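A short worksheet on the structure shown next.
The values are calculated or read from the model by the stated rules, or taken from the named source; none is laboratory data. Given the structure is predicted, the values throughout are model-derived calculations rather than measurements.
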Amino acid sequence: MTYVAMIGTHELLIILGILVLFFGSSKLPGVARGLGRSVTEFRKGLRGEGGEEGAGAGPELGPGPGPDPGPAPGSGDETCAA
(Lines give C-alpha, C1' and ligand atoms only; values in the text may rest on other atoms or scores of the structure.)
Protein backbone atom coordinates (compact mmCIF):
# COMPACT_ATOMS: atom_id res chain seq x y z
CA MET A 1 0.00 0.00 0.00
CA THR A 2 1.21 3.47 -0.81
CA TYR A 3 0.73 6.14 1.81
CA VAL A 4 0.21 9.62 0.39
CA ALA A 5 1.07 12.32 2.90
CA MET A 6 -1.72 14.86 2.75
CA ILE A 7 -2.69 17.45 5.32
CA GLY A 8 -6.20 16.87 6.57
CA THR A 9 -8.63 18.90 8.63
CA HIS A 10 -7.29 17.70 11.97
CA GLU A 11 -3.73 18.59 11.05
CA LEU A 12 -4.77 22.07 9.85
CA LEU A 13 -6.61 22.71 13.11
CA ILE A 14 -3.57 21.65 15.13
CA ILE A 15 -1.30 23.93 13.07
CA LEU A 16 -3.74 26.83 13.44
CA GLY A 17 -3.90 26.27 17.21
CA ILE A 18 -0.11 26.31 17.48
CA LEU A 19 0.05 29.53 15.44
CA VAL A 20 -2.52 31.19 17.70
CA LEU A 21 -0.54 30.14 20.77
CA PHE A 22 2.74 31.28 19.24
CA PHE A 23 1.72 34.66 17.77
CA GLY A 24 -1.50 35.46 19.61
CA SER A 25 -4.88 36.02 18.04
CA SER A 26 -4.39 39.77 17.62
CA LYS A 27 -1.15 39.49 15.61
CA LEU A 28 -2.15 36.52 13.47
CA PRO A 29 -3.87 38.58 10.71
CA GLY A 30 -0.77 40.80 10.40
CA VAL A 31 1.49 37.77 10.14
CA ALA A 32 -0.71 36.25 7.45
CA ARG A 33 -0.81 39.57 5.56
CA GLY A 34 2.99 39.85 5.65
CA LEU A 35 3.36 36.27 4.47
CA GLY A 36 0.99 36.92 1.58
CA ARG A 37 2.91 40.04 0.52
CA SER A 38 6.18 38.14 0.70
CA VAL A 39 4.84 35.39 -1.55
CA THR A 40 3.53 38.01 -4.00
CA GLU A 41 6.91 39.80 -4.15
CA PHE A 42 8.69 36.48 -4.59
CA ARG A 43 6.46 35.56 -7.54
CA LYS A 44 6.99 38.99 -9.12
CA GLY A 45 10.72 38.48 -8.77
CA LEU A 46 10.54 35.11 -10.46
CA ARG A 47 8.62 36.58 -13.40
CA GLY A 48 11.00 39.54 -13.59
CA GLU A 49 8.30 42.16 -13.15
CA GLY A 50 9.42 45.61 -11.98
CA GLY A 51 10.59 46.10 -8.46
CA GLU A 52 13.46 47.93 -6.85
CA GLU A 53 16.20 46.01 -8.60
CA GLY A 54 14.15 44.50 -11.41
CA ALA A 55 15.07 44.44 -15.07
CA GLY A 56 14.07 47.50 -17.04
CA ALA A 57 14.00 49.70 -13.95
CA GLY A 58 16.10 52.38 -15.63
CA PRO A 59 18.16 53.21 -18.66
CA GLU A 60 20.98 50.85 -19.49
CA LEU A 61 24.25 52.57 -18.65
CA GLY A 62 27.60 51.80 -20.21
CA PRO A 63 30.84 51.46 -18.28
CA GLY A 64 31.90 54.45 -16.23
CA PRO A 65 34.90 56.63 -16.95
CA GLY A 66 38.32 55.06 -16.65
CA PRO A 67 40.91 55.91 -14.01
CA ASP A 68 42.20 59.46 -13.81
CA PRO A 69 45.39 59.67 -15.90
CA GLY A 70 46.71 62.68 -13.95
CA PRO A 71 47.86 65.99 -15.34
CA ALA A 72 48.88 66.22 -18.94
CA PRO A 73 52.61 66.54 -19.63
CA GLY A 74 53.78 70.13 -19.96
CA SER A 75 50.69 71.58 -18.23
CA GLY A 76 52.78 73.48 -15.67
CA ASP A 77 52.09 71.11 -12.75
CA GLU A 78 55.64 69.72 -12.73
CA THR A 79 57.00 69.48 -9.22
CA CYS A 80 60.56 68.38 -9.85
CA ALA A 81 63.01 70.84 -11.35
CA ALA A 82 65.97 69.54 -13.29
Options Val4, Val39: the member that is at pLDDT 70 or above and either among the aliphatic types (A, V, I, L, M) or assigned to a loop (DSSP other than H, G, I, E, B) (or both): Val39
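In segment 16-30, which residues are β-branched (Val, Ile, Thr) and modelled with pLDDT under 90? Before the answer, list the steps.
Of all residues in segment 16-30, those β-branched (Val, Ile, Thr) come to 18, 20.
Matches in segment 16-30: Val20 only.
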